[in-house]
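Below: one structure, written as structure tokens.
Values quoted throughout were computed directly from the atomic coordinates according to the rules given, and no laboratory measurement underlies them. Source: prediction; values computed, not measured. Cβ: placed from backbone, ideal geometry, glycine included. Neighbour counts: every protein chain shown.
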Amino acid sequence: MANDLLQGKHALLTGAGGGIGLATATAFVQQGARCSIVDMHAAPSEGVAALIDQYPDAVQYIRADITHMADIDALVATAISRFGQIDVLFNNAGIAIFEKLLESTEAAYDKLFSVNVKGLFFVMQKVLQHMVDAGVKGSVINLSSQAGRRGEALVAHYCATKAAVISYTQSAALAMAPHGIRVNAIAPGVIDTPMWQHVDAMFAKLEGLAIGEKKIAVGKAVPLGRFGYPEEVADAAVFLASELSRYITAQTLNVDGGNVMS
């Protein structure tokens, strides 16, 4: 892959303190982008801090909670004040909660939809309004999941939120097409990130498994025979953020080793 696909672009990335988000920020800056990295912690993670040290003129950290509208307004304004117009949004912030269907709580429902749907939508809306006002023919990439393609017994609400991401991506793409703004999504499969330690522990608790047992089984079940890596999702994000995908919009790209065929 060329190393200047995003030269001069400003990318805003939410939920980018680690995992897929941090891998994507790293790939973006290596491709010439300036990156505004958003996460909810007061201080940047070690990975983000290291990236800032390496690229001090191209990376900034913004603390924000995307469930709060005032924070969304502030994070967009802060990003623009440092690096100018936003050309790319990597809309990645999200959470997962595991509960048996008949034991699922209203609190879990509210939290999941607040972050994964409400937060994602209003970050997208705010950035899209900026792009329209500034005449930016930008690219928005929303993070869905293979869970948005099908139901799962222990994560019903999570699956529903990720299905909503796909739907909002399609609607936004149609609304923004007249402005030359592309809106797509990525649906990762099982990706080897620190979050999977939590996922594996939840499956162990709810299914009576040993720690690590679920992860091994899930990896073997992937047609390509393994978990994906955050960098492999980041490569797809670089493609969707760049001019290589200039005639692609309203699509959800599966990066899942063959788990979902569409």
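What to note about this one:
- Failed condition for LEU120, given (1) farther than 20 Å from THR169 by Cα; (2) touching a residue at least 40 places away in the same chain (Cβ under 8 Å); (3) hydrophobic (A, V, I, L, M, F, W, C); (4) in contact with a strand residue (DSSP E or B) (Cβ under 6 Å, 6 or more places away or on another chain): (1)
- Taking the criterion of being among the hydrophobic types (A, V, I, L, M, F, W, C) and in contact with a Pro (Cβ under 9 Å, 6 or more places away or on another chain), the only residue of the range 138-170 that qualifies is LEU143.
- The single residue among ASP39, ASP65, ASP73, ASP4 that is farther than 20 Å from VAL127 by Cβ, of a type in the set (D, E, K, R) and without any contact (Cβ under 8 Å) to a residue 60 or more places away in the chain turns out to be ASP4.
- ASN184 meets all of the listed conditions (1) over 18 Å from THR252 (Cα atoms); (2) touching a helix residue (DSSP H, G or I) at 6+ places or on another chain (Cβ under 6 Å); (3) in contact (Cβ under 8 Å) with a residue 24 or more places away in the chain but one, namely (1).
- Per the conditions (1) under 30 Å from THR105 (Cα atoms); (2) in contact with a Ser or Thr (Cβ under 9 Å, 6 or more places away or on another chain); (3) buried (at least 19 other Cβ atoms within 10 Å of the Cβ), the sole criterion not satisfied by ALA173 is (1).
- Inside the range 240-262, residues that are of a type in the set (A, V, I, L, M, F, W, C), more than 10 Å from GLY189 (Cβ to Cβ) and in contact (Cβ under 8 Å) with a residue 12 or more places away in the chain make up a count of 6.
- Number of residues in the range 115-148 that are outside any helix (DSSP H, G or I) and over 16 Å from the mean Cα position of the chain (by Cα): the value is 4.
- Checking LYS220, LYS215 one by one, the residue that is assigned to a helix (DSSP H, G or I), touching an Asp or Glu at 6+ places or on another chain (Cβ under 7 Å) and charged (D, E, K, R) is LYS215 and no other.
- Residue check, LEU253 assigned to a helix (DSSP H, G or I) and either closer than 29 Å to ALA33 by Cβ or among the hydrophobic types (A, V, I, L, M, F, W, C) (or both): no
- Test: residue in the range 180-194 that is under 19 Å from ASP256 (Cα atoms) and surrounded by fewer than 17 Cβ atoms within 10 Å (Cβ to Cβ): yes
- Taken as a whole, the condition of being within 20 Å of MET195 (Cα to Cα) and part of a loop (DSSP other than H, G, I, E, B) applies to ALA16.
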